[in-house]
Every structure is written in C-alpha cells, then in structure tokens.
Amino acid sequence: MSKQRWIIKVGSALLTDSGKGIDQKLIAQWAEQIINLRANNIDVILVSSGAIVEGMNRLGWKEKPKDIHQLQAAAAVGQMGLIQSYELLFSKHDVHTAQILLTRDNLTNEDRYENISATLDNLLLHGVVPIVNENDTVSTSEIKFGDNDTLAALVANLVDADRLIILTDQQGLFDSDPRHNDKAKMIHSIHVSDDKLTKFASKSGGILGSGGMYTKVIAAKQASESDTTTHIVSGREQDVLSRILNGEHVGTLINC
Ligand code: GLU
C-alpha cells in the first residue's frame, strides 16, 4: 500500500489556549496520534501558527500590535517557543522535528519550489516531522501568504497531500456564525464546488486568529487543486486525528 500524506494545520488560538501560552498538553496528544498515523503508513507535515501570540506572551505584550515590524519581532521570539515545544514533545517518541519557514515568493520561484519540495520529501523519507510556518521576519504585505490556512493549502499542493486537516478552536463549519447565532447548525459534509460553501464562512477570525472560517474554506478550494480532501475540526476533540484515520465523521468534511 502506498504511503499517504496528511497536512495538519494548527491555529494560534487553539495552540496557545486563547493566548495563555503554548498548550503542551494538546501538542502531546497530537504527537501521540501523529505517531499512530505514521504507524498506519501516513506521513505528516504540520503547519503551525502561534508564533506571534507566543512572542507577545514572552514579551509581556497584552495587545496585538498593529505595526508590522512589531508583529515580526514578536513572531521571531515566539517561533522559538513553538519549535521548542514540538521538538520536546516529539522527542519523547524518538522522533525528530524540523523547522521550515516559507514566504509566498519561495513557492512562486521554480528553483525554490523544487528545493522546498525536495527538502520535504527527504525529511519525510528520514522519518522527520516537518513543522512549517510563514517566515514572518521577511514577509511584508506583498509577499505574505496572509494566513496559515492558505499556506497549509499551498503545502498540500506542493506535496500532493491526500488530506488537509485544519485543527481549530471551533467544532467545524456552521451554516451561520455560532459565535453570534445559537441556532447555527454544523455542516457535516459538503462538496468543494457547492456554492453554499463560501456563504457559510465568516471572515472574522477572533482576536488571535487571522482568518476565521472564510480562509479555511478558501484553503479547502486551493487544496482541492491537488485532489486534497479538507477536514475542519476542533483540535480539542478527543483523539481527533485517530478518529479521522478510522473513518469516523468528526467536524466538517470538504470533499473534492
Ligand atoms: N505566522 C503567524 C504566526 O505564527 C500566523 C499566521 C496565521 O495564523 O494565519 O503567528
């Protein structure tokens, strides 16, 4: 049986327990499940946000700055915390992690695209879990991915992923914003070309996240270009990755 590739994207609010600090317990749970995925012939690439929020924590900043250079400074500090946590929690399973920081122009330049793709292939071949984030230090408005949902979808295209799992602090995609409408119903399954998909998605990402459901839906459309199926699920849901592996229906499935 040929190996599958799954991209697992982790959002800032989820990873940092809404800004309180990196949630090592959650990372430990995902690490255990990722080890289980790998035992089932699935290679995993993590795309992790959280650098800016963790940097703000470490620097004692209470409010997210608007100035791009302050955000870049916070990201540079916080990226250390992210990588330390992932490396520590995967090392308990004798698995190495690797840091990959990307900008949009890295993926539009053919030579660089080839280099990134070859590096990721080699890391997976050697049993390493790549941890991807945007290279916030060099990203300005023109070369930004804009959000890590888009970055995760482009990585899915790059490595021809089978699945893109977007772990978030919401249960899934709803027919209206559940933060404002308590009658909102969760969408269990929808085709990527269904017109209703973008209508369901709110653009507001909350205080800490950047994209809300809108960028997740756009990411699902982008991912479908490489025939990648997208799941939008709560990262706090017990055994979420193992349950998806077992074919259980969790969160929202966006088919292609
Ligand atoms: N690269 C940013 C960070 O790690 C996150 C961007 C996003 O959440 O979409 O803080």
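The values are calculated or read from the model by the stated rules, or taken from the named source; none is laboratory data. For clarity, every value in this text was computed on a predicted model and none was experimentally measured. Note that each Cβ is placed from the backbone with ideal geometry, even for glycine, and that neighbours are counted across all protein chains shown.
See the values below:
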| item | result |
| --- | --- |
| Strands (runs of 3 or more DSSP E) contained entirely in the stretch 1-113, each with at least 2 residues that are at pLDDT 95 or above, crowded, with 20+ Cβ neighbours inside 10 Å and within 12 Å of the ligand (Cβ to nearest atom) | 4-10, 42-48 |
| Residue among T137, T119 that alone is over 22 Å from K216 (Cβ atoms), within 13 Å of the ligand (Cβ to nearest atom) and of a type in the set (S, T, N, Q) | T137 |
| Flag if I131 is within 16 Å of the ligand (Cβ to nearest atom), part of a strand (DSSP E or B) and touching a residue at least 40 places away in the same chain (Cβ under 8 Å) | yes |
| Single match in A201, A153 (criterion: among the hydrophobic types (A, V, I, L, M, F, W, C), in contact (Cβ under 8 Å) with a residue 24 or more places away in the chain and more than 13 Å from the ligand (Cβ to nearest atom)) | A201 |
| Residue match in the stretch 70-92 (condition: among the small types (G, A, S) and touching a Ser or Thr at 6+ places or on another chain (Cβ under 6 Å)) | yes |
| Hey, A118 over 26 Å from G19 (Cβ atoms), surrounded by 13 or more Cβ atoms within 10 Å (Cβ to Cβ), free of Cβ contacts under 8 Å to residues at least 40 places away in the same chain and of a type outside the set (F, W, Y) or not | no |
| The stretch 43-63 residues that are in contact (Cβ under 8 Å) with a residue 24 or more places away in the chain and polar (S, T, N, Q), paired with ones that are part of a strand (DSSP E or B) and within 8 Å of the ligand (Cβ to nearest atom) (beta carbon under 7 Å, 6 or more apart) | S48/N133; S49/N133 |
| Condition broken by R163, with the remaining ones in (1) touching a strand residue (DSSP E or B) at 6+ places or on another chain (Cβ under 8 Å); (2) modelled with pLDDT under 95 satisfied | (2) |
| Residue within the stretch 217-233 that is touching a residue at least 60 places away in the same chain (Cβ under 8 Å), under 14 Å from the mean Cα position of the chain (by Cα), more than 16 Å from the ligand (Cβ to nearest atom) and farther than 28 Å from N122 by Cα present | yes |
